Amino acid sequence: MNPTVTGFGQLALAAPVLQALQEIGYESPTPIQAESIPPLLEGRDLLGQAQTGTGKTAAFALPLLSRLDLGMKQPQVLVLTPTRELAIQVAEAFQAYARHLAGFHVLPIYGGQAMDTQLRQLRRGVHVVIGTPGRIMDHLRRKSLTLDALKSLVLDEADEMLRMGFIDDVEWILEHTPPERQTALFSATMPEAIRRVAQKHLRDPREVRIKSGTATVSTTQQRYWQVSGLHKLDALTRILEVEDFDAALIFVRTKTETVSLAEKLEARGFAAAALNGDMNQVLRERTIEQLKNQTLDIVVATDIAARGLDVQRISHVFNYDIPCDTEAYVHRIGRTGRAGRAGSAILFVSPREMRMLRAIEKATRQPIEPMHLPSGEAVTDRRVAQFKQQIIDVVESEDLGFLHQVVSQIENEQDLSAHEIAAAMAFLLQRERPLQLRETREPAASRTPKASPARGRPDTKERRSGKPERARKPAPDDMVRYRIEVGRSHEATPGDIVGAIANEAGIDSQYIGQIKLYDDYSTVDLPEGMPQEVFRQLKQVRVRQQKLDISREAGGKTGDRPLKAKTSTAEKSRFHKAKDKPAAAKARRESQPVKEKKRRQLHLPR
Ligand code: AMP
């Protein structure tokens with residue numbers, strides 16, 4: 001390496017480029033940058049042997065940007081890359097380093113993208129073109145791309161282009177560029193065929209060789225979680241609770257999902273909002289502004305709505321739904337690790353999508369490491385730590401004089417220790433969001449309440465996939481299947497549902513039939529002939545703070561039909577408790593074991 005170069009300021013880069021580097025936060029040039037920038041700034045050719053991760057993109061982008069004539073709106077720099085993913089990455093790097101070059105335009109060009117978009121942008125005028133060989137040749141043949149004003153040409157990852165069979169195309173392109181152009185060739189390895197290209201097309205190149213092992217760590221850590229057992233929403237909230245994140249961008253497939261996931265996250269206490277193409281520009285800009293100014297911490301977006309989003313505090317990108325193609329993945333994860341900060345990209349993959357994961361790894365040539373979900377204990381530890389901090393903050397900053405008196409009163413009047421009082425208060429405080437997260441992945445049998453012999457085990461296959469099975473068993477003859485708007489995503493268990501229906505609506509638990517939990521709702525079989533008053537009451541009942549809003553399941557045997565004259569005495573008797581609800585419920589509550597009773601009253605998790 002060039003030992004005399006310690007800071008970017010010592011390199012004769014253009015002032016706006018240095019300003020961008022300062023903001024991005026690179027402290028000093030990497031070895032390949034220190035060695036390549038000076039000769040490239042002088043206009044010399046370069047033969048660089050370096051791998052991805054060494055900072056080679058900046059090694060050529062910074063000097064070439066510094067040499068641009070922005071007044072001349074013609075391609076002055078052409079970068080050839082083996083893949084479209086790399087073309088996008090390099091284009092994004094140019095864009096970032098050129099943020100203070102007014103009027104600067106860079107265009108990535110690759111196959112598979114609509115030709116007319118590329119043609120329109122080329123007509124508008126660009127300074128730098130980055131593309132894969134095939135599509136660049138197409139444009140050169142059509143004359144939609146002219147390279148008369150080309151000053152510099154970069155062959156990035158030349159050995160990959162050779163391996164992918166592009167080397168003849170590359171030579172063809174080289175022959176269609178002005179002979180006096182500057183050429184830089186980068187390759188991780190130097191096979192004979194690449195050396196031959198270099199000898200033929202480079203003039204007295206400066207040779208730079210960076211040993212592997214000196215690579216800079218890519219600023220974005222990529223991980224995946226293979227969806228199994230736990231529902232995706234639960235997995236997501238667990239990660240969000242335990243990971244240190246500043247702001248997160250979550251990608252889903254559809255516009256409606258952006259809204260529904262944002263709402264669910266809000267319900268779980270996160271400052272989240274949707275960002276999608278249905279929102280008008282003003283609303284979208286407001287959402288982005290709120291993310292920047294920390295009013296929001298999470299934005300749930302579609303690919304299109306989040307294109308080009310540049311918010312430096314995004315520390316995490318979640319691929320909640322796997323992207324449709326590798327290019328979308330590159331765009332998505334490019335929203336984090338901005339400005340040289342550390343970023344984290346997490347991908348949720350179902351077993352069926354593992355092939356797509358491998359395709360992404362191959363296309364980006366970056367490994368994506370498997371990750372384990374934080375355990376229930378880890379979530380509990382985090383909640384407890386936050387709780388402790390809240391207490392410390394309050395003790396330090398609030399005037400607690402009056403409350404000290406109240407505590408002393410309780411201490412004296414009730415013969416309780418301050419410790420006991422504090423624990424009871426803590427208990428009250430955490431009622432809405434218990435500090436202790438118990439694993440919800442219990443065996444099916446333990447989740448099934450014992451009370452009713454008619455109740456079956458929730459289907460394990462169905463629970464794993466998170467989707468209702470297609471052909472479901474109908475409700476037994478004398479039962480009606482109802483739908484209730486509380487499900488696994490609300491952390492409801494069959495026990496909660498039985499408890500709520502039995503206690504609140506006064507239905508004997510022995511008459512409550514099969515309960516099936518789905519993601520956002522559940523079904524429950526109840527005896528035929530539910531009186532209207534019971535039905536109305538059940539609509540208002542809440543489980544885990546979620547209104548049941550009970551309705552007859554489509555295709556269920558009977559409707560929400562009120563039961564009037566047709567109701568037999570026997571049918572009615574199953575619901576008898578609704579009538580004398582307060583007394584019956586009281587008696588029932590009193591007959592429950594104390595622990596269970598308390599658990600239910602206080603909404604504690606199991
Ligand atoms: P590359 O080898 O071009 O793929 O770059 C690998 C990573 O290193 C990218 O995430 C760059 O943002 C980062 N990087 C490039 N130059 C520097 C530098 N001088 N200091 C710190 N990080 C850098």
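The values are calculated or read from the model by the stated rules, or taken from the named source; none is laboratory data. This structure is a prediction, so every number in the text was calculated from the model and none was measured. Every residue, glycine among them, receives a Cβ derived from its backbone with ideal geometry; neighbour counts consider all protein chains shown. In case anyone asks, the SASA skips ligands and DNA or RNA and just uses the protein heavy atoms, side chains included. Shrake-Rupley method; radii C 1.70, N 1.55, O 1.52, S 1.80 Å.
Quick notes on this structure:
- Of all residues in the range 380-421, those that are among the aliphatic types (A, V, I, L, M) and either in a loop (DSSP other than H, G, I, E, B) or in the same structural domain as Ile239 (by TED's automatic domain parsing) (or both) total 2.
- Any chance Glu171 is within 16 Å of the ligand (Cβ to nearest atom) and surrounded by 14 or more Cβ atoms within 10 Å (Cβ to Cβ): no
- Of the helices (runs of 4 or more DSSP H) lying entirely inside the range 7-116, those containing at least 2 residues that are among the β-branched types (Val, Ile, Thr), in the same structural domain as Pro178 (by TED's automatic domain parsing) and within 11 Å of the ligand (Cβ to nearest atom) are 31-41.
- Summed over the range 327-358, residues that are under 24 Å from Gln95 (Cβ atoms), in a helix (DSSP H, G or I) and not charged (D, E, K, R) total 7.
- The one condition from (1) farther than 17 Å from Pro75 by Cβ; (2) modelled with pLDDT of 95 or more that Ala93 does not meet is (2).
- Each residue in the range 531-552 was checked for being in a loop (DSSP other than H, G, I, E, B) and either touching a His at 6+ places or on another chain (Cβ under 8 Å) or modelled with pLDDT of 80 or more (or both), and 6 pass.
- Condition met for Gly269 (part of a loop (DSSP other than H, G, I, E, B) and within 17 Å of Asp244 (Cα to Cα)): yes
- Cβ-Cβ contacts under 8 Å between residues 6 or more apart (or on different chains), taken from a first residue in the range 364-378 that is on the phi > 0 side of the Ramachandran plot to a second residue that is of a type in the set (Ser, Thr, Tyr) and assigned to a loop (DSSP other than H, G, I, E, B), are listed as Arg365/Thr52.
Results for (1) at pLDDT 90 or above; (2) open to solvent by 10 Å² or more (accessible area, probe 1.4 Å); (3) more than 16 Å from the ligand (Cβ to nearest atom); (4) farther than 30 Å from Leu155 by Cβ, shown as yes or no for each residue.
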| residue | (1), (2), (3), (4) |
| --- | --- |
| Glu175 | yes, yes, yes, no |
| His201 | yes, yes, yes, no |
| Pro205 | yes, yes, yes, no |
| Lys211 | no, yes, no, no |
| Gln221 | yes, yes, no, no |
| Lys232 | yes, yes, yes, yes |
| Ile250 | yes, no, yes, yes |
| Val259 | yes, yes, yes, yes |
| Gly269 | no, yes, yes, yes |
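- Some residue of the range 302-316 being in contact (Cβ under 8 Å) with a residue 60 or more places away in the chain and either among the small types (Gly, Ala, Ser) or under 24 Å from Ala359 (Cα atoms) (or both): yes
- Criterion applied to Arg238, Arg284 was being in contact with a Pro (Cβ under 7 Å, 6 or more places away or on another chain) and not in a loop (DSSP other than H, G, I, E, B), and the one residue passing it is Arg238.
- Test: residue in the range 112-125 that is over 22 Å from Pro205 (Cβ atoms) and β-branched (Val, Ile, Thr): yes
- Count - residues of the range 153-162 that are in a helix (DSSP H, G or I) and either open to solvent by less than 10 Å² (accessible area, probe 1.4 Å) or free of Cβ contacts under 8 Å to residues at least 40 places away in the same chain (or both): 4
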